[in-house]
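The values are calculated or read from the model by the stated rules, or taken from the named source; none is laboratory data. Every value quoted in this text rests on a predicted model; they were computed, and no experiment measured them. All accessible areas refer to the heavy atoms of the entire protein, side chains included, with ligands and DNA or RNA removed. Shrake-Rupley method; radii C 1.70, N 1.55, O 1.52, S 1.80 Å.
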Amino acid sequence: MARIDGRRAAIALTLLATLIVSAIYYAKSLARLDDRADANSELSFSDRLVAGGNSVIVNQEAATEADALIPRTETFRVRVGPRLRNAQALTSVYVESWYRYFLLPRRPAADARWIICYGCDTSELGKYVVRWHDTNGISIGRRE
């Protein structure tokens, strides 16, 4: 009978310890979730819109301007060149594909009139009319 009481006591102590540890970790996880919610609520509209693109694009404003300037029924293309300043490590490799999905339902096309120039040589584009530009060498325009 003493063995059974000892087992019951061991089980009860194990359950009690599990409950205490669980309560502590539950409280800590709630605090972390609260911190994460606070950080998310501090994000600007542009940060929320661009999201993961912040590691690819150089300027959030260029993305929102492209979205505003290029009509939804038009095609576009992204040209990347050596004149880009303040580029991220992922910019030259992924900026074109990032814009492809960001600007949906617009579709990319090799002969598109709308061009997002990421440090490209605009003299190679023909009659390129700049509609927006920044100090990083990014411009958005249309070939006439």
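Points worth noting:
- Heavy-atom accessible surface of Leu30, to the nearest 10 Å², is about 80 Å², with a 1.4 Å probe and all protein chains retained.
- Accessible surface of Arg107, taken over heavy atoms with a 1.4 Å probe and every protein chain present, rounds to 130 Å².
- Derived scalar couplings between HN and Hα for the stretch 20-31 equal 5, 4, 4, 5, 5, 5, 5, 4, 5, 5, 5, 5 Hz in order, rounded to whole Hz, by the Karplus curve 6.51 cos²θ - 1.76 cosθ + 1.60 (θ = phi - 60°), x for Gly and Pro.
- Using every pair of distinct Cα positions in the chain, the Kirkwood expression returns a hydrodynamic radius of 18.8 angstrom.
- Backbone HN-Hα couplings from phi across the stretch 50-66 [Karplus 6.51/-1.76/1.60, Hz, Gly and Pro as x]: 7, 6, x, x, 4, 8, 10, 7, 8, 9, 4, 4, 4, 5, 5, 5, 4
- Annotation: amide H of Arg113 within the under-5 Å range of Thr75, sequence separation 5 or more or interchain, hydrogens built in the peptide plane.
- With protein chains left intact and a 1.4 Å probe, residues in the chain average 66 Å² of accessible area per residue.
- On the principal axes of its alpha-carbon atoms, the stretch 64-144 has extents of 31, 27, 21 Å, going from largest to smallest.
- Trp132 long-range amide H proximity, modeled H, under 5 Å: Ile140
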